[in-house]
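We did not get these values from a lab; they are worked out from the coordinates using the rules stated. Quick caveat: nothing in here was measured; it's all calculated off a predicted structure. Ideal geometry is used to build each Cβ from the backbone, glycine not excepted, and the neighbour counts take in all protein chains shown.
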Amino acid sequence: MANPLRGQVIRLYKTLLYLGRDYPQGFTFFRQRLKTAFMKNKDVTDPEKIKKLLARGDFVIKEIEALYFLRKYRAMKKRYYDPENPQP
């Protein structure tokens, strides 16, 4: 792996690992899937391919954050919304 991109890959891995703490199926499941995904691409040496994989990782980060925000929104809505008395 190219030295300048190595740091970005490690940062991506750490960020994803941090976000995986609150994953709905559990941290262990998330960590195993994350490790498998990174190990599958460990032999990639082409800088352009690595940049594409980093972009995909950034997309996954945004999707996980959206999942968490949606879960929090649904929890708040359930907490304050009365389904028996809907309001317009």
How tilted is helix 3-19 with respect to the longest principal axis of the chain? Cα atoms for both, answer in degrees (0 to 90, nearest 10). 20 degrees
I need the GluC sites (Glu not before Pro) found in the chain, filtered to DSSP loop residues with at most 11 other beta carbons within 10 Å of theirs. E84
Excluding residues fewer than 8 positions from K49 in its own chain, the lysines with Cα under 22 Å of it are K14, K35, K40, K62
Length gained when the stretch L70-Y18 is fully extended (0.36 nm per residue, less Cα-Cα span): 16.9 nm
Listed peptides 14-23, 36-45 by packing density, highest first (mean Cβ within 10 Å): 14-23, 36-45
Pick the calculated Cα extents along the principal axes in Å for this structure from (i) 33, 26, 21; (ii) 59, 26, 16; (iii) 117, 29, 10? (ii)
